[in-house]
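Trainee: Can you keep this structure in mind? I'll have questions shortly.
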There are 2 protein chains.
Amino acid sequence: MSDRDNANLESNGSHEPQLTREKTTKSYTYENLKGWRGLRILRPCRGMYHDVRRRLPYYPSDITDAFTYRTAASTIRMYFVNLLPALAYTLDMNRRTGFFYGVNESLFASALAAMVFSILGAQPLTIVGITGLISLFNYTIYDIIAIYDVSIYPRFMAWTGIWGAIFHWLMAIFNACDYMRYVTDFSSESFGMYVGIIYMIKGVEELVNEFSIEGATSGYLSCLIAILYFGSVYGLEKLGQSTVWKAWFRGILADYAYVFTTLFWVGFSHIPGQLKDAHISKVPVSDAFRPTQPRSWLLDFWNLEVKWVFVAMPFGFLVMLLFYYDHNVSSITAQARQFPLKKPGGFHWDFFLLGCTTFVSGILGLPLPNGLVPQAPVHTDSLTNYETKLKVIATAEGEGTDIRRPVVEATAVVEQRVSHFLMGLALIGTMTGPLLVVLHTMPAAVFAGVFFVVGWGSIESNGIVQKLVFLSSEERFLQRDEPLLTVRRRKIWAYIGLQALGVAATVAISQTIAAVGFPVLIILLIPLRTYLMPRWFSLHELQVVDDLTCTNKAVLASLGGAPTLPEQSREEDWGLERRRSEQRFGVRRQRAGSIKR
Amino acid sequence: MSDRDNANLESNGSHEPQLTREKTTKSYTYENLKGWRGLRILRPCRGMYHDVRRRLPYYPSDITDAFTYRTAASTIRMYFVNLLPALAYTLDMNRRTGFFYGVNESLFASALAAMVFSILGAQPLTIVGITGLISLFNYTIYDIIAIYDVSIYPRFMAWTGIWGAIFHWLMAIFNACDYMRYVTDFSSESFGMYVGIIYMIKGVEELVNEFSIEGATSGYLSCLIAILYFGSVYGLEKLGQSTVWKAWFRGILADYAYVFTTLFWVGFSHIPGQLKDAHISKVPVSDAFRPTQPRSWLLDFWNLEVKWVFVAMPFGFLVMLLFYYDHNVSSITAQARQFPLKKPGGFHWDFFLLGCTTFVSGILGLPLPNGLVPQAPVHTDSLTNYETKLKVIATAEGEGTDIRRPVVEATAVVEQRVSHFLMGLALIGTMTGPLLVVLHTMPAAVFAGVFFVVGWGSIESNGIVQKLVFLSSEERFLQRDEPLLTVRRRKIWAYIGLQALGVAATVAISQTIAAVGFPVLIILLIPLRTYLMPRWFSLHELQVVDDLTCTNKAVLASLGGAPTLPEQSREEDWGLERRRSEQRFGVRRQRAGSIKR
């Protein structure tokens, strides 16, 4: 009996074929390998091969495991959490790329990505779609191209996609995703903060645009709707995390906060009278299944001058760099430690697939989809069975004074690919005529609200902000076992100062025509952390303030095992802050916009 | 040496002349008195006499105690907290009384009240001014008079004031304020909830009015400003209660939340461009020191037909009934238990003074001032020295896991009459031409925001809401020593159901032309609580869910001592809920809008 058969048999039983897992976990590594065997670049496709081999045995259970309520709830929630921001970025991108990318392109790209990754992906939990960063990318290139000849923009973008795809495939083939294991919270928090700030700015821009297009009345009404939309989602999610009412009812609030809020505020904006008369702008839609511009789906990319083809190469490289970080961090956060995941990851294979979707999207003139940083962990969250348990802390004050605290425990995750697939089907459905009409009823103001929710979620839960709150708090009220207390305050200041510098630089560059260069800055934070910061911070300091972003063993297997840690340091010494918090308060539920550490 | 001299001497020393206090505490009572001596009505002016006699020895210290920073902070804070709502009600009242009552009338009335009560009042902590309820009263009477002959409205109101004054004096002379000691949280919470709801409604009406007068653009902008104003004050006050930054900085945030927010949003509404072009409506002002209508200050009340003079009598009685409850509850909450007050109260004397201001305001055509329910305790709060202390609760989990909780303690109150007096001077200053111009820059939207802050403050901290939260919470997370757990849930439901019924009835009647009758409903809650509810609830149940509103010994002295409690009940058995909360979390700081239990 071969290894594969053996694995398959086992997977039908326990869903966790221990033997195979250990084998492949061990078999994909470069530790203890001598000579050329230890060099990643000389062993092409090795990562992909092991990814597929490791993940394939779980495929049947990815379908059979799906028959639970959580899958249905997850499908609905992710449909909204994926679609709404995608449309929001599209509104912005549409205006700023001469109306080249429209709603139909974004829906097509999202649906394509959902189909590919739900059926073929090694990590079906990672939701792939349209991000604000690709929108930023697209309109910055538009601004650059417009200096020379705006008419070549579609073909130029096709070549950007083609080059991007090639670089993706090269990275996947030469096992380059392995370096993602060196990503720590230092850079991923900075990235999360950067994304959050960009989203907030986008929300404001959306509202400013309403003033310039439709005038003051609809401008102010849009501000009102955006703020109240934000307040509604935020309030519902906070209620969902509280201890009022029953656990099942709180679960519904948390699951469908977006759904309820969107339905309510879209309806609100259509109430006849003053509200309807304000004529706030709606989502612009065109004919179903047709490109927004009068063109065929396939772009005539072969008609581009050769010099432009080569100009597109560095842009393709930057796209790859962005996706290398963004997509892989999405996968890491979607499979973060707080989720009790049992099925292994597969970064190389997924990055190869991302090259394929990049290629197809490029030549069809779609915005390029990639892993959604704030939304990917929401998918895993929506599939997680949480139990709010009671933690009783006895005090020295006598009977009845026990402190009773709710501790949320993630008991299991419904790991499957059906919810992702159904969400993709729903996106395809949305591309049809009748549902496009429904989309057209949605005011742009709601999307400004979406920007605020997603952006603020990413900022509020960010480690930079949390350390700032720590530093601002009166010290006497801090619990004595708080690990940050063992680090000198000015060292914490220095650490978040470096992060803030990185964020400020990327936000600033994003406002200029050099915006396409921002992935370089983000990526540079990794070597800064790995090579320079250990000179300025002691090992203990870094262990307290920083943590490996990727800590799940099943996930690390795909990246060639845990990274080499500094001398005298065990894995248990890292993430002290997180460990303490989880022990004390349990895991936090993933809010729609927050990036989980 | 007489008692008085003796008292004066002592007061210069310790500020607390123990001897006199005990003497008068004991001397004004009807307990253990036989025959006609035990009947209040047969001993006219006895309450007032004792009030003055008890309070007068403290007069010098009321001035000498004032030289602290708290007095200055209090003056500024109270100027805003008194003026802004007064103007807000005036905007509403002005429109709905045919523009008879304007800003000048309200300022005059507020200044008059501040002068009288700061100089002559026995309880200078009780801020007296224009409330939303007198505004409701005035425009309801306007609606009634308008059915017959609108031209007699000013004179009719003058007679309402005159009759009201007479009833006030009678109540004061015959010691009727004593019955206020029977007020429990049952009625005062209902009243607080009623006031909160009315204020929220007023805020909405203010915004609706903006739509109908100035159109959609300024309407939406006004909604925006009102919501953001609310959010700003609320956020600043929450920050002030947190443990971030230093205690002194938090103190400034809490003290001046209104000031900062008002300055900011008034400035915001004047930013040139879209904002200024929206032309949102501003506070309407007229010439300084002149009535809003072309008339002399003194109304020709002697020219009213005799039949109308007598029709005014029941209205005067209702005014007195409203003030009897509203003013005295203001004084009680301004001198509530959580404030460590040392100087005694004087309800009878103050109610007599209130008759005088009612008389003068009546014949001058001013809105009648009385004690401000949500604002009076804010005054005491602004004069209180708080210390945020650290409470360490040892747990059984080992070293470093102690729970460290901030506990706010009120260490002392700067009891004086200077802040009240200076605030009055500031109000007089506001009546001058230049400052009226400043007032005219304030958008009505800011006042809608004020309504929301004051109204929501009164609702959020209300016992009805807190019991609702308790009933909604999952029981397993409640501390075991929570007194409410000893009462059956349906009994708590029944209790707040009765309160809600009272609130609903008063809110409903306030929307009709019978609105002037609402004080009757509020007052009826007292006998309902005293005579009927002990039949439906056990003594223990009432002890947990209810509490005497007036519990401060120094205050009760003026009301003839503590009320007769039911058999087998000691004072310590009451207010279990409050005692437990104070012990655990300390006193809560008085938010601008909240009514303290």
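The values are calculated or read from the model by the stated rules, or taken from the named source; none is laboratory data. This one's a predicted model, so the numbers in the text were calculated from it and none came from an experiment. Cβ coordinates were reconstructed from backbone atoms using ideal geometry, including for glycine residues, and neighbour counts include every protein chain displayed. Ligands, DNA and RNA are stripped out before the accessible areas are found, and what is left, the full protein with its side chains, is counted by its heavy atoms. Shrake-Rupley method; radii C 1.70, N 1.55, O 1.52, S 1.80 Å.
Trainee: Once R0 is set to 35 Å, what does the formula 1/(1 + (r/R0)^6) return for the Cβ-Cβ distance between B:ALA514 and B:ARG579, expressed as a FRET efficiency to the nearest 0.05?
Mentor: Details: r = 40 Å, r/R0 = 1.15.
The pair B:ALA514/B:ARG579 has a calculated efficiency of 0.30.
Trainee: State, as an integer percentage, the relative contact order of region B:401-549 based on alpha-carbon contacts under 8 Å between residues 6 or more apart.
Mentor: Working: 32 pairs, mean separation 26.8, N = 149.
It comes to 18 percent, rounded to a whole number.
Trainee: For every other residue with a beta carbon closer than 11 angstrom to the beta carbon of B:THR243, add +1 if it is Lys or Arg and -1 if Asp or Glu, then tell me the sum.
Mentor: Numbers: positive: A:ARG476, B:LYS246, B:ARG250, B:ARG404, B:ARG405; negative: A:GLU474, A:GLU475.
Computed value for this residue: +3.
Trainee: Further, regarding this structure: Using the Kirkwood radius over C-alpha pairs as Rh, can you work out the diffusion coefficient of region A:491-573 via Stokes-Einstein at 4 °C, viscosity 1.567 mPa s, in µm² per second? Mind showing how you got there, number by number?
Mentor: Details: Rh = 14.7 Å.
Calculated translational D: 88 µm²/s.
Trainee: Moving to a separate point now. Between B:MET431, B:GLY455, B:GLN416, whose Cα lies farthest towards the positive end of the dipole of region B:409-505 when Lys and Arg beta carbons carry +1 and Asp and Glu beta carbons carry -1, centred on the Cα centre?
Mentor: Sorting the options by dipole projection puts first B:GLY455.
Trainee: Just want the answer: with Cβ charges of +1 for Lys and Arg and -1 for Asp and Glu, which residue in B:ILE526, A:MET442, B:GLY219 is farthest toward the dipole's positive end in the protein assembly as shown?
Mentor: Of the candidates, B:ILE526 comes out farthest on the positive side.
Trainee: Continuing with this model, one more query. Local charge sum around A:VAL450 (other residues, Cβ-Cβ under 12 Å, Lys/Arg +1, Asp/Glu -1)? All intermediate terms of the calculation are to be shown ahead of the outcome.
Mentor: On the way: positive: A:LYS202; negative: A:ASP92, A:GLU206.
Surrounding charge for A:VAL450 is -1.
Trainee: Over all alpha-carbon pairs of chain B, lay out the pair-distance distribution in 10 Å bins, whole %, shortest bin first.
Mentor: Pair shares across the bins are 3, 17, 27, 28, 17, 6, 1, 0, 0.
Trainee: On to the next question. Would you rank B:THR530, A:THR357, B:THR64 by solvent-accessible area, highest first, keeping every protein chain in place and using a 1.4 Å probe? Walk me through the numbers on the way to the answer.
Mentor: On the way: B:THR530 50, A:THR357 0, B:THR64 90 Å².
In descending accessible area the options line up as B:THR64, B:THR530, A:THR357.
Trainee: Relative to the other copies, what are the label-point distances for A:TRP536, with labels 7 Å from Cα along the C-beta vector, expressed in nm at one decimal and sorted shortest first?
Mentor: 6.8
Trainee: Treating only the Cβ atoms of Lys and Arg (+1) and Asp and Glu (-1) as charged, compute the dipole magnitude of region B:87-233 about its Cα centre; round to the nearest 20 debye.
Mentor: Working: 5 positive and 11 negative charges, 53 e Å.
Taking the Cα centre of region B:87-233 as origin, the dipole is about 260 debye.
Trainee: Assuming R0 = 60 Å, what is the FRET efficiency of A:ILE213 and B:GLU31, from their Cβ-Cβ distance, to the nearest 0.05?
Mentor: On the way: r = 76 Å, r/R0 = 1.27.
According to the calculation, E is roughly 0.20.
Trainee: Okay, next question. At B:THR401 and A:ILE41, where each label point lies 7 Å from the Cα along Cα→Cβ, what is the point-to-point distance in nanometres?
Mentor: It is 5.2 nm.
Trainee: Cβ under 13 Å from A:SER222's Cβ, A:SER222 left aside: what net charge do those residues give with Lys, Arg +1 and Asp, Glu -1? The partial results should precede the final answer.
Mentor: Values: positive: A:LYS282; negative: A:GLU205, A:GLU206, A:GLU210, A:GLU214.
That works out to -3.
Trainee: Expressed as a rounded percentage, what relative contact order does chain A have, with Cα pairs under 8 Å and six or more residues apart?
Mentor: 29 percent
Trainee: Based on the Cβ-Cβ distance from B:TRP536 to B:VAL204, what FRET efficiency comes out when R0 is 51 Å, to the nearest 0.05? Spell out each step's value before the answer.
Mentor: Details: r = 36 Å, r/R0 = 0.70.
So, using R0 = 51 Å, E works out to roughly 0.90.
Trainee: Moving to a separate point now. Enter the mean number of other protein chain beta carbons within 10 Å of the beta carbon of each residue in A:471-482, as an integer. Intermediate results must be reported in sequence, preceding the final value.
Mentor: Working: counts 1, 5, 4, 10, 2, 7, 10, 2, 6, 6, 6, 2.
Average per residue, whole number: 5.
Trainee: Measuring nothing but label to label, 7 Å from Cα along Cα→Cβ, what are B:ARG37's distances to the other copies in nm, shortest first?
Mentor: 11.1
Trainee: Still on this model: Please arrange B:CYS356, B:CYS177 by accessible surface area, largest first, computed with a 1.4 Å probe and ligands excluded.
Mentor: On the way: B:CYS356 45, B:CYS177 0 Å².
So the residues, ranked largest to smallest area, are B:CYS356, B:CYS177.
Trainee: For region B:319-375 and region A:277-313, what is the centre-to-centre distance using only Cα atoms, to the nearest Å?
Mentor: Their Cα centres are 72 Å away from one another.
Trainee: Treating only the Cβ of Lys, Arg, Asp and Glu as charged (+1, +1, -1, -1), what charge dipole size does the protein assembly as shown show about its Cα centre? Round to the nearest 20 debye. Show your work: numbers first, answer last.
Mentor: On the way: 110 positive and 98 negative charges, 324 e Å.
Value, rounded to 20: 1560 debye.
Trainee: Related question: Between B:TRP297 and A:LEU501, how many nm apart are label points set 7 Å from Cα along the C-beta direction?
Mentor: 6.7 nm
Trainee: Find which of A:LEU318, B:THR29, B:THR71 sits farthest along the positive direction of the dipole of the protein assembly as shown, computed with +1 on the beta-carbon of Lys and Arg, -1 on that of Asp and Glu, about the Cα centre.
Mentor: Sorting the options by dipole projection puts first B:THR29.
Trainee: Here's a follow-up. In the protein assembly as shown, what percentage of the DSSP-assigned beta bridges are antiparallel, given to the nearest 5? Write down the numbers at each step before the final one.
Mentor: On the way: 31 of 33 bridges.
Antiparallel: roughly 95 percent of the beta bridges in the protein assembly as shown.
Trainee: Let me ask something additional. How about region A:71-130: which trypsin sites (Lys or Arg not before Pro) there lie in a loop by DSSP and see at most 13 other Cβ atoms within 10 Å? Don't jump to the answer; show the numbers that get you there.
Mentor: Working: sites: A:ARG77, A:ARG95, A:ARG96; in loops: none.
Qualifying residues, ordered by number: none.
Trainee: Explain nothing, just the number: dipole magnitude of region A:410-547 about its Cα centre with +1 on each Lys and Arg Cβ and -1 on each Asp and Glu Cβ, in debye rounded to the nearest 20.
Mentor: Numbers: 10 positive and 9 negative charges, 75 e Å.
About 360 debye.
Trainee: Identify all lysines with a Cα-Cα distance to A:LYS467 below 30 Å; exclude those on the same chain that are fewer than 8 residues away in sequence.
Mentor: A:LYS202, A:LYS238, A:LYS389, A:LYS391, A:LYS491, A:LYS553, A:LYS596, B:LYS238, B:LYS246, B:LYS389, B:LYS391
Trainee: So for region B:42-171, what percent of the C-alpha to C-alpha distances run longer than 19 Å?
Mentor: Numbers: 5168 of 8385 pairs.
So the pairs more than 19 Å apart make up 62 percent of the total in region B:42-171.
Trainee: Taking a label point 7 Å out from Cα toward Cβ, give me the nm distances from A:ALA504 to the same spot in the other copies, shortest first, one decimal.
Mentor: 5.8
Trainee: Now for a separate question. Can you put A:ASP350, B:ASP573 in order of accessible area, largest first, using a 1.4 Å probe? All intermediate terms of the calculation are to be shown ahead of the outcome.
Mentor: Details: A:ASP350 0, B:ASP573 35 Å².
From most exposed to least exposed: B:ASP573, A:ASP350.
Trainee: Same structure, new question: Three principal axis extents, largest first, for the C-alpha atoms of the protein assembly as shown, in Å?
Mentor: Rounded to whole Å, the extents work out to 111, 65, 53 Å.
Trainee: For chain A, give the share of DSSP beta bridges that are antiparallel, in percent and rounded to the nearest 5; count only bridges with both residues there.
Mentor: On the way: 14 of 15 bridges.
So the antiparallel bridges amount to about 95 percent of the total.
Trainee: Three principal axis extents, largest first, for the C-alpha atoms of region A:109-186, in Å?
Mentor: Sorted largest first, the three principal extents are 41, 30, 26 Å.
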